[in-house]
1. Among A:Lys52/A:Lys101; A:Lys77/B:Lys57; A:Lys68/A:Lys101, which pairs are too far apart, with a Cα-Cα distance over 28 Å?
2. Determine the equivalent ellipsoid of chain A by diagonalising the alpha-carbon gyration tensor, then write out the semi-axes as square roots of 5 times the eigenvalues, largest first, rounded to whole Å.
3. At a temperature of 25 °C and a viscosity of 0.890 mPa s, determine how fast the protein assembly as shown diffuses translationally according to Stokes-Einstein, using the Kirkwood radius over alpha-carbon pairs as Rh; express D in µm²/s, rounded to the nearest whole number.
4. Which aspartates and glutamates, if any, have their Cα less than 17 Å from the Cα of A:Lys113, not counting same-chain residues under 8 positions apart?
5. Tell me, what ³J(HN,Hα) does each residue in segment B:89-99 have, in order and in whole Hz, if you take phi through Karplus 6.51 cos²θ - 1.76 cosθ + 1.60 with θ = phi - 60° and put x for Gly and Pro?
6. Report, as an integer, the average count of C-beta atoms from other chains found within 10 Å of each Cβ along A:81-90.
7. Amide H of B:Ser87: which non-local residues (sequence gap of 5 or more, or other chain) have their own amide H closer than 5 Å, using H built in the peptide plane?
8. Can you tell which of A:Glu76, A:Glu42, A:Glu16 shows the greatest fluctuation in a Gaussian network model of chain A with Cα springs below 10 Å?
Amino acid sequence: GDSVTQMEGPVTLSEEAFLTINCTYTATGYPSLFWYVQYPGEGLQLLLKATKADDKGSNKGFEATYRKETTSFHLEKGSVQVSDSAVYFCALSDSASNTGKLIFGQGTTLQVKP
Amino acid sequence: GAGVSQSPSNKVTEKGKDVELRCDPISGHTALYWYRQRLGQGLEFLIYFQGNSAPDKSGLPSDRFSAERTGESVSTLTIQRTQQEDSAVYLCASRTHARGGTEAFFGQGTRLTVV
């Protein structure tokens, strides 16, 4: 079945460092891809998304490019802030099979130190 | 309400008791999902409803778990004869429809503790 694999955390960075969180997926169809974020004490919220190959999603300085050839959707940010400390989840929604199932990775905890 | 509402926010129950968790999705959202999040873990898919179609129950871990949804409104997740391993945060999410890049909106979750 469809699945999402994320790099294991926690990831600890200093403020202004470059961030990459790796995400790869397995899907039989042509999924839409998402990054969700869970800030401490808050619910999950959408960070960015991409719906077809080569699309780039971006929001709040974060970017991710849908790479069909490598089945990846890595999250990047050029300069992280303490306020970016959170748990990040990669997810997919399979469009082709129309099952509508929304599958999440295991989450990656990011801790940014001043 | 404006968002997905879940109740109760916290539930402590004794092992062996039944519990019922409730989710009120955003009005007009046809797709509704339940997930389980154990401490320090990812989101484990449990069940998903899309309109009046048969639900996808493929993630339910045992026959002690069941869920219902009437039309496109409230959903309840029932856990019978609770076990300590059922302790987790149960999250509900809704989408306008279960296709493509539509955003899922999450509730704050119900934290279930089985003692």
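Nothing in this text is a laboratory measurement; each read-out follows from the coordinates by a stated rule. The structure displayed is predicted, hence computed values, not measured ones. Using ideal geometry, Cβ is built from the backbone for each residue, glycine included, and neighbour counts are taken over all protein chains shown.
1. Working: A:Lys52/A:Lys101 17 Å; A:Lys77/B:Lys57 37 Å; A:Lys68/A:Lys101 19 Å.
Beyond 28 Å: A:Lys77/B:Lys57.
2. 25, 14, 12
3. Details: Rh = 18.1 Å.
Reported coefficient: 136 µm²/s.
4. Here the aspartates and glutamates satisfying the reach criterion relative to A:Lys113 are A:Glu15, A:Glu16, A:Asp84.
5. Computed from phi, the couplings for segment B:89-99 are 9, 9, 10, 10, 9, 9, 9, 4, 7, 8, 9 Hz.
6. Details: counts 0, 0, 0, 0, 0, 0, 3, 0, 3, 1.
Counting Cβ atoms of other protein chains within 10 Å of each residue's Cβ and averaging gives 1.
7. Close amide H contacts, sequence-distant or interchain: B:Val114.
8. For chain A, modelled as a Gaussian network with Cα springs under 10 Å, the answer is A:Glu42.
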